[in-house]
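Colleague: I have a structure I would like to understand better, so I am pasting it below and will then ask my questions one at a time.
FYI, it's all coordinate maths here, none of it is from the lab. These figures come from a predicted structure and were not determined experimentally. Backbone-built Cβ (ideal geometry, glycine too); neighbour counts: all protein chains shown.
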Amino acid sequence: MSSNAIKVIRKADGDWLDLTGKVPGAEGVSIRMHDVDQDTGRVVMSVRFEPDAKMPRHSHHCTALAYTLSGRWAYDDGSYSEGDLVLESVGNNHLPWSDIGTEMLLVFESPNGQYLDNQLEDGTCFHLGMPFFSTVAEMSASEWETAEVLGLVETIPEMRAA
């Protein structure tokens with residue numbers, strides 16, 4: 001077996017990065033980056049929602065696999081608890097939130113490095129692509145605190161339908 005056939009990622013690897021105040025529309029959500037593979041377009045992270053946390057409504061340019069490790073979370077299509085596995089297709093659009101808090105493993109896959117368009121209530125859209133995830137994956141919590149995150153996303157003003 002080739003040494004490239006397996007990659008082990010230890011749970012303790014990576015710091016929790018609080019998205020609140022850094023990623024517009026995120027409230028009470030933190031991520032821990034585990035792996036970003038630019039060649040395959042795979043992004044693997046843990047996501048933690050505090051009680052009453054939410055992310056902004058967003059559209060997927062990628063597939064996503066969300067495995068609920070603990071707690072409960074929901075979006076437009078239903079509510080999910082510990083042990084639930086949610087598979088999301090390209091084009092899925094939803095607003096995720098949690099009333100009691102949750103932790104999940106999230107895997108994005110995109111052949112072109114395009115992942116999410118976060119849509120704010122004022123119509124502004126923040127596109128999260130490979131530049132965001134690959135840069136954030138290398139950051140410690142202290143680097144994250146001073147990072148200019150908006151420099152890592154594409155901002156698209158007023159994407160509302162006419």
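Colleague: Before we move on, is Gly14 closer than 27 Å to Thr146 by Cα, in contact with a Ser or Thr (Cβ under 9 Å, 6 or more places away or on another chain) and in a loop (DSSP other than H, G, I, E, B)?
Modeller: yes
Colleague: How many residues does the range 104-132 hold that are within 22 Å of Arg48 (Cα to Cα) and acidic (Asp, Glu)?
Modeller: Residues in the range 104-132 being within 22 Å of Arg48 (Cα to Cα) and acidic (Asp, Glu): 2 in total.
Colleague: Tally time: how many residues in the range 19-37 are in a loop (DSSP other than H, G, I, E, B), of a type outside the set (Val, Ile, Thr) and out of contact with any helix residue (DSSP H, G or I) (no Cβ under 6 Å at 6 or more places or on another chain)?
Modeller: 5
Colleague: Output the number of the condition that Glu143 fails; it satisfies all remaining conditions of (1) in a loop (DSSP other than H, G, I, E, B); (2) of a type outside the set (A, V, I, L, M); (3) more than 25 Å from Leu65 (Cα to Cα).
Modeller: (1)
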